[in-house]
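Heads up: the structure comes next, in structure tokens.
The values are calculated or read from the model by the stated rules, or taken from the named source; none is laboratory data. These numbers were taken from a predicted model, which means no experiment stands behind them. Because the Cβ atoms are built from the backbone with ideal geometry, glycine has one as well, and the counts that use them run over all protein chains shown.
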Amino acid sequence: MATTSTGGCACGAIRYEISADPVMSANCFCRDCQRATGGSNASVMVVPKPAFRLTKGEIKYHTVVGESGKTVGRGFCAGCGSPITSQLGVMPDVMVVKAGSLDDPARFKPTMNIFTSSAPPWATLAPGLQNFPKMPG
């Protein structure tokens, strides 16, 4: 049975609930995630889109074209800039949630490191996880 997870932005303007377990949890080292986070990677949980419910506020999206050639919408709080979600044109039925936006970030249990071919030399890859140079297919 799925446990409800909650989260939001740093200023409290955005709040959400997730009512399903993740279908994937990963540390993504693609260049777009690096730019979006200002770090070496984004730690993300992928959940079914119907399981993600915004309970307060509105997420603003900046859309780019990803490596797949499809759109990637980066969702953030317009007030404080906290990254919250991503919407992937290549996977339209899921919502990607930034693990750092969870109220209890210990709920994030990564199973893989993806786009490791883009990881900067100073990045630390979580040990004991599967490593994929690109997105696993």
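Quick notes
- Taking segment 95-125 as the range and being surrounded by fewer than 21 Cβ atoms within 10 Å (Cβ to Cβ) and part of a strand (DSSP E or B) as the test, the residues that pass are 102, 112.
- Members of segment 31-62 that are among the charged types (D, E, K, R) and either farther than 19 Å from residue 113 by Cβ or more than 12 Å from the chain's Cα centre (by Cα) (or both): 31, 35, 49, 53, 56, 58, 60
- Any hit, segment 102-110, residues being in contact (Cβ under 8 Å) with a residue 12 or more places away in the chain and of a type in the set (Gly, Ala, Ser): no
- Listed by first and then second residue, the pairs with beta-carbon distance under 7 Å, at least 6 apart or on different chains, first residue in segment 34-46 and in contact (Cβ under 8 Å) with a residue 60 or more places away in the chain, second surrounded by 20 or more Cβ atoms within 10 Å (Cβ to Cβ) and part of a helix (DSSP H, G or I), are 41/33; 43/99; 45/99.
- Among the criteria (1) of a type outside the set (D, E, K, R); (2) surrounded by fewer than 19 Cβ atoms within 10 Å (Cβ to Cβ); (3) farther than 30 Å from residue 117 by Cβ; (4) in contact (Cβ under 8 Å) with a residue 40 or more places away in the chain, the one residue 19 does not fulfil is (4).
- Residue 96 being under 14 Å from the mean Cα position of the chain (by Cα), closer than 25 Å to residue 4 by Cα and touching a residue at least 40 places away in the same chain (Cβ under 8 Å): yes
- Residue 60 fulfils the conditions (1) at pLDDT 95 or above; (2) within 20 Å of residue 40 (Cα to Cα) except for a single criterion, (2).
- Of the residues making up segment 22-32, those that are among the basic types (Lys, Arg) and surrounded by 17 or more Cβ atoms within 10 Å (Cβ to Cβ) number 0.
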